[in-house]
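Below are the structure tokens for one structure; questions will follow.
The values are calculated or read from the model by the stated rules, or taken from the named source; none is laboratory data. Computed from a prediction, not measured in an experiment: that's the story for all the values here. A quick note on method: Cβ atoms are made from the backbone with ideal geometry, for glycine too, and the neighbour counts reach across all protein chains shown. Just the protein is used for accessible areas: all its heavy atoms, side chains included, with ligands, DNA and RNA removed. Shrake-Rupley method; radii C 1.70, N 1.55, O 1.52, S 1.80 Å.
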Amino acid sequence: MSPTRSQADRDAMTVEIGFALLTGVFVAALTFGVAVSPLLFLQLSRNATGALLAAAASVAGVAFVWRVVRVLRRFTGRHSGPRALAE
């Protein structure tokens, strides 16, 4: 049987999820911007531009997922120690 969570625990998790999503969007946008920056300096063909945009979107998606998972794993790691088991 799992222990019931207090309102403070549920609120903390909600805040942490919001933080993870917000910073994930920021990291993804930054990654996308860096990945498409060659478009500012190079004259690429239409196909090359499309491929670069697709690659940038893929890398940004991976960066978003990486950041969200990293933040949420760190949060759950803090709450799974001996103190959390005793509660």
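Please specify each residue of segment 52-61 satisfying the condition of being open to solvent by 70 Å² or more (accessible area, probe 1.4 Å) and in contact with a helix residue (DSSP H, G or I) (Cβ under 6 Å, 6 or more places away or on another chain).
Matches in segment 52-61: Val59 only.
Residue-wise test of (1) surrounded by 15 or more Cβ atoms within 10 Å (Cβ to Cβ); (2) of a type in the set (Gly, Ala, Ser); (3) modelled with pLDDT under 90.
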{"site": "Arg10", "(1), (2), (3)": "no, no, yes"}
{"site": "Thr14", "(1), (2), (3)": "no, no, no"}
{"site": "Leu21", "(1), (2), (3)": "yes, no, no"}
{"site": "Val36", "(1), (2), (3)": "yes, no, no"}
{"site": "Ser45", "(1), (2), (3)": "no, yes, no"}
{"site": "Phe75", "(1), (2), (3)": "yes, no, yes"}
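When only residues in segment 1-37 that are polar (S, T, N, Q), assigned to a helix (DSSP H, G or I) and more than 10 Å from Ala60 (Cβ to Cβ) count, which is farthest from the chain's Cα centre (by Cα)?
Gln7
Which one of these does Thr49 not meet: (1) among the hydroxyl-bearing types (Ser, Thr, Tyr); (2) surrounded by 14 or more Cβ atoms within 10 Å (Cβ to Cβ); (3) under 30 Å from Thr76 (Cβ atoms)?
Checking Thr49 against (1) among the hydroxyl-bearing types (Ser, Thr, Tyr); (2) surrounded by 14 or more Cβ atoms within 10 Å (Cβ to Cβ); (3) under 30 Å from Thr76 (Cβ atoms), the one that fails is (3).
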